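One structure is given here, and the rest of the page talks about it.
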Amino acid sequence: MINILSIILTLTIAIQGPPVTVDNDSEKEATAVRLFELKGSWSDQPDASPALNVTSLLMGNVGSQRSFPDLLEALESAFNDEEIDTLVLDLSGGASFTMPQIADLCTVLDSGRGSGKKLLAWMEKATTSLMAIGSSCHTIFLTETGGVDLFSPSMMPIHFKTAMDLFGVEASVIRVGDFKGAVEPFMLPQMSSHLRDHYLAMLDSMNRLPVELIAAGRDIDPETVRELQGIRIFTAKQALEAGLVDMLAQHGSLEQTIEGIVDGSVAWVKPGKKKKKQINPLQILTELFSPVREKKIPDNSIAILHLSGEIVDGDSVSSGSMVSEPSAKAINDLADNDSVIGVVVRIDSPGGSATASEVIRLALENLASKKPMVYSMGNLAASGGYWITCTGRPIYASQGTITGSIGVFGMKLSFGSAMKQIGIHIDPVALDESATMMLPHRGWNEVELARLQGTVDDVYDDFISRVSDSRDISPNRVREIAGGRVWSGAQAVELGLVDAIGGIEAAVAHVKREAEFEGEISIVHRPGPVDPMDLFDFFGGGDDDAIRSLTNLPMLKILAAAGIDLRPYLARLVRIGSQSPFTIEARMPIDLNPRF
């Protein structure tokens, strides 16, 4: 029998080390160079807890995302550090940023260029996004074996209509807005010309941000940048000839190259060596079953409230979704917190449930009545993501933000013909024909379509009214720019749907001005990390597939190999938590609640 306490099982967890360490021979004479290694994807919402992230650990995904706010803070700190002479951005690690993040990052870099410090960018395989960031630096280095992919934005909707006809699948659709692109792939064999033209205009508007950044930073005419995008692919030498980069260097020679162009010796300022923390199985269990508690908000704080993901109805937190009741509670908690002097509501959502959107909007309306509040749109704030901003408060967006999509739809797929082709016959028994309207064997009849169309018409009228009142635009004008159309942030400003182009910092500055607060403020992010005890959500429910998937979790496999097999116990927890009373109510293939 194996004694758990006698098992030696350690996991190496990377945690933040000391602020910096300096490698140099002569601190007084050397040029201090701060290196930023920008790798992977970046989250707008930092993890508020320095403790072990059990969810990431179990998924074998430790450190997969880094905090974008922390990056901006570190850059600003380096620009303000009198001992640092040069900043180097290492963009060779495949960094991935959203368009709003690029705008915010370039704003910080552009302000730092005036600090008198040298700002250098190092790249291997440059993309349009990385070129936009690099163009905010004084010098761009590209490795000789690298290249530049200067692509312009594109979309690739996939249409299923022809295949659906072939296999006997029918789509029943109710909608308001001819530009609601979510339903076209199920209704038409190819994109409608009016939607294509609208998308092209939006892509052109979104593309102006990187084009303008590259043109300004590289001293190239914007039209020339567009011509280069038309060519798209450049070898290192071709990129140098086109003026996209300044110097070519050997792969893996970042430090040697920088040291070769800096007068005198170089003192590299890098993140401190990461400490190694030994974690035994008992500690893993303690972390797993310990609730996460948010830190107390200090006095004189501006809160950045992150509302992200699909908007759904419910009363339990679900990772990756904006759930109505938990979101409303988080909003109301900020409204009642005397330590919070104002709130920036950061939205990144494609929309979702109409009723859930209204629950969240009402909570935001309450918050706005008590404290200075502004909205900051992230990568996406469309449909329900726009509905929740209709409280009469200022809205900031990036040029590359996708917003609008003021429209409503509902859809059901029916498979009666398809199932007949393979010998399956559905023979429902019901008291009323309407009782079968959500079953998969048939589409909606004319009476049902008319009834359902009335529901989305009512929601659409409410949507128009909300936007009209919030933005002080006539209802007729709102209808002209609604219809399900999506807009870039720049287009939305011109149309009056958004107040100004700006990122988180601009929104924070707005709140501080409105609060008339002159002293030092603290910035806090809400909500905090998801509670790891939320196992039912984490494993995607309690069905057999979810339970079987437990065996695929990397961390559980490691524990099992060491003689500690927790999988049967966790599977039992999930199975028990998923049990529900017997019901004769038919399970609907779609949500009857109208969607944005």
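The values are calculated or read from the model by the stated rules, or taken from the named source; none is laboratory data. This one's a predicted model, so the numbers in the text were calculated from it and none came from an experiment. Heads up, the Cβs are rebuilt from the backbone with ideal geometry, glycines too, and the neighbour counts pull from every protein chain shown.
Values for this structure:
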| quantity | calculated |
| --- | --- |
| Meets criteria (surrounded by 18 or more Cβ atoms within 10 Å (Cβ to Cβ), farther than 24 Å from GLN491 by Cβ and basic (Lys, Arg)) for ARG218 | yes |
| Scan of the stretch 179-209 for residues that are in contact (Cβ under 8 Å) with a residue 24 or more places away in the chain and over 18 Å from PRO153 (Cα atoms), ordered by number | PHE179, LYS180, ALA182, VAL183, GLU184, PRO185, PHE186, MET187, LEU188, PRO189, GLN190 |
| Count of the stretch 129-169 residues which are in contact with a helix residue (DSSP H, G or I) (Cβ under 7 Å, 6 or more places away or on another chain), among the charged types (D, E, K, R) and farther than 18 Å from GLN190 by Cβ | 1 |
| Filtered residue count, the stretch 124-163, keeping only those that are aliphatic (A, V, I, L, M) and more than 19 Å from ILE214 (Cα to Cα) | 4 |
| Qualifying residue in the stretch 198-208 (condition: in a loop (DSSP other than H, G, I, E, B) and over 30 Å from LEU166 (Cα atoms)) | no |
| Qualifying positions in the stretch 437-465 - of a type in the set (Val, Ile, Thr) and in contact (Cβ under 8 Å) with a residue 60 or more places away in the chain | THR455, VAL456, VAL459 |
| Leading residue by the ranking (modelled with the highest pLDDT) among those in the stretch 168-215 that are assigned by TED's automatic domain parsing to the domain that holds LEU244 and of a type in the set (Ser, Thr, Tyr) | SER205 |
| Leading residue by the ranking (nearest to the chain's Cα centre (by Cα)) among those in the stretch 141-185 that are crowded, with 16+ Cβ neighbours inside 10 Å and β-branched (Val, Ile, Thr) | VAL183 |
| Residue selected from the stretch 423-432 under the condition free of Cβ contacts under 8 Å to residues at least 12 places away in the same chain and of a type outside the set (A, V, I, L, M, F, W, C), by the criterion nearest to GLY384 (Cα to Cα) | ASP432 |
| Flag for ALA450 being among the aliphatic types (A, V, I, L, M), closer than 30 Å to ASP110 by Cβ and either part of a helix (DSSP H, G or I) or in the same structural domain as GLU212 (by TED's automatic domain parsing) (or both) | no |
| Subset of the stretch 381-427 that is hydroxyl-bearing (Ser, Thr, Tyr) and surrounded by fewer than 24 Cβ atoms within 10 Å (Cβ to Cβ) - its residue that is farthest from the chain's Cα centre (by Cα) | SER417 |
| Candidates GLY384, GLY407, GLY423, GLY443, filtered to the one that is touching an Asp or Glu at 6+ places or on another chain (Cβ under 8 Å) and not basic (Lys, Arg) | GLY443 |
| Filter pass, GLY243 being on the phi > 0 side of the Ramachandran plot and either modelled with pLDDT of 90 or more or not in a loop (DSSP other than H, G, I, E, B) (or both) | yes |
| Residue in the stretch 359-367 that is part of a helix (DSSP H, G or I), over 30 Å from THR455 (Cα atoms) and not basic (Lys, Arg) present | no |
| Single unsatisfied condition, ASP165 versus (1) among the acidic types (Asp, Glu); (2) free of Cβ contacts under 8 Å to residues at least 12 places away in the same chain; (3) assigned by TED's automatic domain parsing to the domain that holds LYS237 | (3) |
| Of residues in the stretch 85-108 being in a loop (DSSP other than H, G, I, E, B) and within 19 Å of ILE258 (Cβ to Cβ), the one farthest from the chain's Cα centre (by Cα) | ASP85 |
| Qualifying positions in the stretch 142-164 - touching an Asp or Glu at 6+ places or on another chain (Cβ under 8 Å) and outside any helix (DSSP H, G or I) | LEU142, THR143, THR145, GLY146, PRO157, HIS159 |
| Within the stretch 370-416, tally of residues that are farther than 16 Å from ARG175 by Cα and in a loop (DSSP other than H, G, I, E, B) | 14 |
| Residues of the stretch 269-317 that turn out to be surrounded by 14 or more Cβ atoms within 10 Å (Cβ to Cβ), assigned to a loop (DSSP other than H, G, I, E, B), modelled with pLDDT of 90 or more and not aliphatic (A, V, I, L, M), as a count | 4 |
| Failed condition for ALA381, given (1) touching a Lys or Arg at 6+ places or on another chain (Cβ under 7 Å); (2) within 30 Å of HIS510 (Cα to Cα); (3) not aromatic (Phe, Trp, Tyr) | (1) |
| The stretch 109-141, residues that are assigned to a helix (DSSP H, G or I) and farther than 15 Å from ILE84 by Cβ | ASP110, SER111, THR128, SER129, LEU130, MET131, ALA132, ILE133, GLY134 |
